[in-house]
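Novice: Have a look at the structure that comes next, please.
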Amino acid sequence: MALADIFTRPAAPAASGRTVAVAPTFGGRPTVEGEGMAALYTWVEEIAALTQPARIHWVDGSRAENDALLREQVDEGKLIKLNPEWRPGSYLARSHPSDVARTEGRTFIASEREEDAGPTNNWADPAEIRGTLRGLFEGSMRGRTMYVVPFSMGAVGGPLSHIGVQVTDSAYAVTSIGIMTHVGTAVLAQIAAGADWVKTVHSVGAPLAPGEADAAWPCNDEKYIVHFPDTLEVWSFGSGYGGNAILAKKCFALRIASVIGRNEGWLAEHMLLIRVIDPAGRAYHVAAAFPSACGKTNLAMLRPTIPGWRVETLGDDISWLRPGEDGRLWAINPEAGFFGVAPGTGESTNVTAVETLWGNTIFTNVALRPDGDVWWEGLTDEAPPHLTDWEGNPWTPDMGRPAAHPNSRFTVSAAQCPQIAPDWNAPQGVPLDVILFGGRRATNVPLVVEATDWTHGVFMGSNISSERTAAAEGLVGELRRDPFAMLPFCGYNMADYFGHWLKIGQQLRFDRAPRIFQVNWFRKGADGRFLWPGFGDNSRVIDWIIRRVDGEVGAVDSPIGRLPEASDLDLDGIDVPQADLDELFAVDPISWEREADLTEEFYATFGGRVPAPLQSELSALRYRLKQAQTA
Ligand code: GTP
Ligand code: SPV
Ligand code: MN
């Protein structure tokens, strides 16, 4: 087919056999005009020439278009429409069992120089991998529609926002991007006016021969998620799942944006963002970096259990932080929706999320109830007696395996969250008062510890480690270093990234920089149970943090930072035994020397590139640990 032909409007979908009163005419070439459009058209033509799709659909982001795309996926057996009585406007997708999480081993940073990717990333030679990608993408969209999706991260046109275009052959990705970002013609107007944009290309890698039946979840055993930080491009092949396919999310808003931030003087972070309102009505802004599946969405939707406190949600996964002229650090959530972990989300843990999911939600890899609603482990205390599991098989509670995949997720608009901040999409963002770093640590790391200053806080961030979760391929439970919760998401050398954090600190007014704390909701007793109730009760820790910021309470120095005075933590209404509290805050100098050894080993992997102030922090920590042992 000639290129000119596939640029014309597609025919009305006839496959469903449904009679439609008015033939839908979505997908035509946009009418937006302007100088910048030529480059977009050229690029789209190049990708089409390479991937050879049957048709091209320009996504306009309209409600009607979205509805048509969802209907089409239902007709093709790719989505199951949930019972609208329970879950209006909602769908279930079941992925291929081999395509259920981000594939970090197949994720590459193709910077010109290997040292710019650093030891924590898989580096690929850009010229070489371009050759590989060319081979993979050649004809990869045959028989499929190629969608062109213009999107903005952050409010369209905002001072901290950035725009991009994703080309994809997955309608599931299109409908997901529509929830997760600001999609539409307003973005094209910016491109037309000459704004810079990031190029992202996605193919599930499953071309269709004429007449060949499609799979419910097309994908390819061979996967490549490749980032070109020097040319601001992403190419993703073979996967339809989450961060592998919604390229605006981890690929753009973290890996590519971290590089843009390094160049322009800001930070792209794996952080939730909330506004905490105290009983006196004073508002504080908190951003928190926890690794994947370590509690960001939950804290973002916190319902405080201490009376008088309120939390408004601003974001649950990614924050972009930029020093303002006022010497404060300003933050936006560049996303427009939540792609949240389903298991463990229930009435007793995160009722806000449960309420957010009332409808208009795409669920992936959760279980299906006989009544056409969804279920997952933790939604209710008791499992329904009969379900269809995430792979489509009959399931009963006695089977000894979960009904929902551990990394099953919901995709839902942020606007549906009942406690969303009214200004969550404000272009200028909010000024930060507090930054939290955390991870999943069964031992050693106290419930909360305060950094003495910015540099110490950066040292803490650089030392975050966490037990692996199901959010990425790998052995669940194994302890791994995950500095700033950015290990899989930093698009450049992490030692340079640590240096960039130090530099950002210098641009903040010392008395206006956010205060930094480390938290750990996941410390366990010898019997393997969590010592801290977590969830809504995490507000008790936030309360202490805020009162520290306001200078209302003191703290106790420890070798690793400042701990709360026992009497300052509000424990009214909960029953945490004294022995558990002691253990929650225990700092064992011997175990911490072992932590310091691991830090030294980790820093050494960067071959002298770790900034000197962090090496000094390590020496100072060792000194304090020695002192604690002789005291
Ligand atoms: P990503 O979307 O992968 O980045 O994950 P996330 O950091 O947003 O994690 P999320 O809030 O979805 O939580 C992941 C898991 O941790 C869920 O099963 C939660 O129930 C559990 N969790 C969250 N907060 C707490 C807590 O305070 N205590 C305990 N014990 N578990 C928690
Ligand atoms: C994470 O793994 O941190 C996620 C899910 O938020 S994904 O978008 O797949 O990266
Ligand atoms: Mn995440």
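Novice: How do 107-118, 499-510 rank on mean C-beta neighbours within 10 Å, highest first?
Specialist: With the highest mean Cβ count within 10 Å placed first, the list reads 107-118, 499-510.
Novice: Choose one of G551, P613, A526: the residue whose Cα lies farthest towards the positive end of the charge dipole of the stretch 509-631 (beta-carbon charges +1 Lys, Arg; -1 Asp, Glu; about the Cα centre).
Specialist: P613
Novice: In addition: Could you check the simple spin-label distance between E115 and R509, using points 7 Å along Cα→Cβ, in nm with one decimal?
Specialist: 3.9
Novice: Something else about it: Compute the long axis of helix 589-604 from its Cα atoms, compare it with the longest principal axis of the Cα atoms of the chain, and write down the angle in degrees, 0 to 90, nearest 10.
Specialist: 40
Novice: So, by mean Cβ neighbours within 10 angstrom, what's the order for 349-362, 156-169 with the highest one leading?
Specialist: 156-169, 349-362
Novice: Next question, about the same structure. For K81 and E222 in one chain, what is 0.36 nm times their gap in residues minus the Cα-Cα distance, to one decimal in nm?
Specialist: Once the chain is fully extended between K81 and E222, it gains 47.8 nm.
Novice: On to the next question. What order, most packed first, do the peptides 97-106, 461-470 have when packing is the mean number of other Cβ atoms within 10 Å of each residue?
Specialist: Descending mean neighbour count gives 461-470, 97-106.
Novice: Once you charge only the Cβ atoms, +1 for Lys and Arg and -1 for Asp and Glu, what is the size of the charge dipole of the stretch 338-415 about its Cα centre, to the nearest 20 debye?
Specialist: The calculation lands at about 280 debye.
Novice: Between P307, A293, A336, whose Cα lies farthest towards the positive end of the dipole of the stretch 289-377 when Lys and Arg beta carbons carry +1 and Asp and Glu beta carbons carry -1, centred on the Cα centre?
Specialist: Ranked along the dipole, the leading option is P307.
Novice: Can you list the lysines whose alpha carbon sits under 21 Å from that of K199, skipping same-chain ones fewer than 8 residues off?
Specialist: By straight Cα distance, K199 reaches K223, K249, K250.
Novice: Using only helices, what value at 222 nm comes out for the chain when you add -39,500 (n - 2.57) per DSSP H run of length 4 or more and divide by the total residues, to the nearest 500 deg cm²/dmol?
Specialist: Value at 222 nm, helices only, nearest 500: -7500 deg cm²/dmol.
Novice: Within the stretch 504-538, name every residue whose backbone N is under 19 Å away from a label modeled 7 Å from Cα of D550 along the Cβ vector.
Specialist: What the label zone holds, given the 19 Å backbone N cut-off, is 512-517, 538.
Novice: In addition: To the nearest 10 degrees, how steeply does helix 494-506 sit against the main Cα axis of the chain, on a 0 to 90 scale?
Specialist: The angle comes out at about 70 degrees.
Novice: Return one number: the angle in degrees, 0 to 90 and rounded to the nearest 10, between the long axis of the Cα atoms of helix 539-549 and the longest principal axis of the Cα atoms of the chain.
Specialist: Helix 539-549 and the main axis of the chain meet at about 70 degrees.
Novice: At 1.306 mPa s and 10 °C, plugging the Kirkwood radius over alpha-carbon pairs of the chain into Stokes-Einstein gives what diffusion coefficient in µm²/s?
Specialist: 63
Novice: Also: Could you pull the Rg and Dmax for the stretch 529-631, using just the Cα atoms, both in Å?
Specialist: Cα-based Rg and Dmax for the stretch 529-631 come out at 16.7, 51 Å.
Novice: Then there's this: First check a/c for the stretch 104-201, with a ≥ b ≥ c the square roots of the eigenvalues of its C-alpha gyration tensor; if it is under 1.5, answer rounded, and if not, answer prolate when a/b is larger than b/c or oblate otherwise.
Specialist: Judged from the Cα gyration tensor, the stretch 104-201 comes out oblate (a/c at least 1.5, b/c at or above a/b).
Novice: Ok, one more. Using the Cα centre as the reference, give the magnitude of the dipole from point charges on the C-beta atoms of the chain (Lys, Arg: +1; Asp, Glu: -1; all else neutral), rounded to the nearest 20 debye.
Specialist: Magnitude of the dipole: close to 640 debye.
Novice: Report the gain in length on full extension from Y41 to E382: 0.36 nm times residue separation, minus Cα-Cα distance, nm rounded to one decimal.
Specialist: In short, 117.4 nm is gained.
Novice: So, one more: Obtain the nm distance between the two label points defined at A566 and V476 by a simple spin-label model: each point lies 7 Å from its Cα along the Cα-to-C-beta direction.
Specialist: It works out to 3.7 nm between the two label points.
Novice: Assuming R0 = 22 Å, can you tell me the calculated FRET efficiency for the pair D326 and A280, based on Cβ-Cβ distance, to the nearest 0.05?
Specialist: Result of the calculation: an efficiency of 0.45.
Novice: Let me ask something else about it. FRET efficiency for E264 and T452, Cβ-Cβ distance as r, R0 = 25 Å, nearest 0.05?
Specialist: The formula returns an efficiency of 0.30 here.
Novice: Sticking with this one: Considering the dipole of the stretch 338-415 built from charges on the beta carbon (Lys and Arg +1, Asp and Glu -1) around the Cα centre, which of T396, T380, T364 is farthest to its positive end?
Specialist: The residue sitting most towards the positive pole is T364.
FYI, it's all coordinate maths here, none of it is from the lab. This one's a predicted model, so the numbers in the text were calculated from it and none came from an experiment. Note that we place each Cβ from the backbone using ideal geometry, even for glycine, and neighbour counts take in every protein chain shown.
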